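Notes follow once the structure below has been shown.
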Amino acid sequence: MAGDEVLDRLLRESSREPVKLVDVSGVSCPACESKSMSVSEYMYSVPFFGNIVLSVGECSRCGYRYRDVRLAEATEPKKIIVRVEGEEQLRLLVARSPLSSIFIPEVGLEMIPSRASLGFITTVEGLLHRFHEVTSLACKEGGGEVDVEKCRSVLEWLERAIEGYERFTIVICDFDGLSKIVGGREVVEISVIDEECRSREPSL
Ligand SMILES: [Zn+2]
């Protein structure tokens, strides 16, 4: 599951027609660098997250496309912590802004944004799938640098976690206040960016 299904479902359940905010063409394409990209932004009002902005870019020259999503209203920067005990928490919804870092301390996995990072909405399970995708890619492309044993054990851990057999913590360092996890008592929000987060701040 790529996680896009979650966003598509929320968009279908939007409580009113999307409002077009931006519509520009002649934008520089990050893939082929020609000025053939058109970018549109829409405001949706969706369940759980309220107003969100969906940005869609499409290049008429090379066909590159992207979807970026973020909450429309920022809160203060914060650290969000979720304790995952099993399947129930795997279904929690996560909105991750393009500037937020995510890490899983128990296995040393982290996602630190780059300039090309996109925001997304998914579930905790979808997030694990993303980590799995990125880790398999890094393990494949790393060549001689890769610790095969370590790769295998991290991927196996992720597969068990996706099935609900691992207990772990997800920490989001929400530097721009535009990330959110929808959930009950298992979600703790600390409205201060501490050292642990500061060391994971993207350098853009
Ligand atoms: Zn292009």
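Of (1) closer than 24 Å to Ser203 by Cα; (2) out of contact with any Cys (no Cβ under 8 Å at 6 or more places or on another chain); (3) buried (at least 19 other Cβ atoms within 10 Å of the Cβ), Thr75 satisfies all except one. Which? Just one mismatch for Thr75, condition (3).
Return the residues of the stretch 111-128 that are acidic (Asp, Glu) and without any contact (Cβ under 8 Å) to a residue 24 or more places away in the chain; say none if nothing qualifies. Please lay out each step first, then the result.
Taking the stretch 111-128 and keeping what is acidic (Asp, Glu), we get 125.
Selection gives nothing.
Would you pick out the residues in the stretch 16-41 that are within 8 Å of the ligand (Cβ to nearest atom) and either closer than 12 Å to Gly57 by Cβ or not assigned by TED's automatic domain parsing to the domain that holds Ile52 (or both)?
Quick first cut of the stretch 16-41, residues within 8 Å of the ligand (Cβ to nearest atom) only: 29-34, 36-37.
Cys29, Pro30, Ala31, Ser36, Met37, listed by residue number.
Can you say whether Lys35 is within 16 Å of Val188 (Cα to Cα) and basic (Lys, Arg), as far as the supplied structure shows? It is false that Lys35 is within 16 Å of Val188 (Cα to Cα) and basic (Lys, Arg). For the stretch 102-136, residues that are assigned to a helix (DSSP H, G or I), within 29 Å of Cys29 (Cβ to Cβ) and charged (D, E, K, R) total 2. Of a type outside the set (Asp, Glu) and not in a helix (DSSP H, G or I): does that describe Val192? Yes, satisfied.
Scanning the stretch 46-101 for residues that are more than 16 Å from the ligand (Cβ to nearest atom) and either part of a loop (DSSP other than H, G, I, E, B) or within 17 Å of Glu189 (Cα to Cα) (or both) yields a count of 31.
Would it be correct to say that Val46 is more than 16 Å from the chain's Cα centre (by Cα), β-branched (Val, Ile, Thr) and within 30 Å of Thr169 (Cα to Cα)? Quick ask: steps written out before the conclusion?
Values: more than 16 Å from the chain's Cα centre (by Cα): yes; β-branched (Val, Ile, Thr): yes; within 30 Å of Thr169 (Cα to Cα): yes.
Here the answer is yes, as Val46 does meet what is asked.
Here the condition is being out of contact with any Asp or Glu (no Cβ under 6 Å at 6 or more places or on another chain), closer than 21 Å to Ala74 by Cβ and either surrounded by 16 or more Cβ atoms within 10 Å (Cβ to Cβ) or at pLDDT below 95 (or both); of Ser117, Ser191, Ser199, it holds for Ser117 alone. Remark: pairs (first residue in the stretch 137-160, outside any helix (DSSP H, G or I); second residue surrounded by 11 or more Cβ atoms within 10 Å (Cβ to Cβ) and at pLDDT below 95; Cβ separation under 6 Å; 6+ apart in sequence or on different chains) = Val146/Cys139.
When Ser34 is tested against (1) surrounded by 15 or more Cβ atoms within 10 Å (Cβ to Cβ); (2) in contact (Cβ under 8 Å) with a residue 24 or more places away in the chain, exactly one condition is not met: (1). Condition first: crowded, with 16+ Cβ neighbours inside 10 Å and not in a loop (DSSP other than H, G, I, E, B). Now tell me which residues in the stretch 161-183 satisfy that. Across the stretch 161-183, the qualifying residues are Ala161, Ile162, Phe168, Ile170, Val171, Ile172, Cys173, Asp174, Lys180, Ile181. Considering the conditions (1) modelled with pLDDT under 95; (2) more than 18 Å from the chain's Cα centre (by Cα); (3) small (Gly, Ala, Ser), Ala2 is excluded by exactly one of them, (2).
The values are calculated or read from the model by the stated rules, or taken from the named source; none is laboratory data. Worth saying up front: this structure is predicted, and the values here are computed from it rather than measured. Quick reminder, even Gly has a Cβ in these numbers, built from the backbone with ideal geometry, and neighbours come from all protein chains shown.
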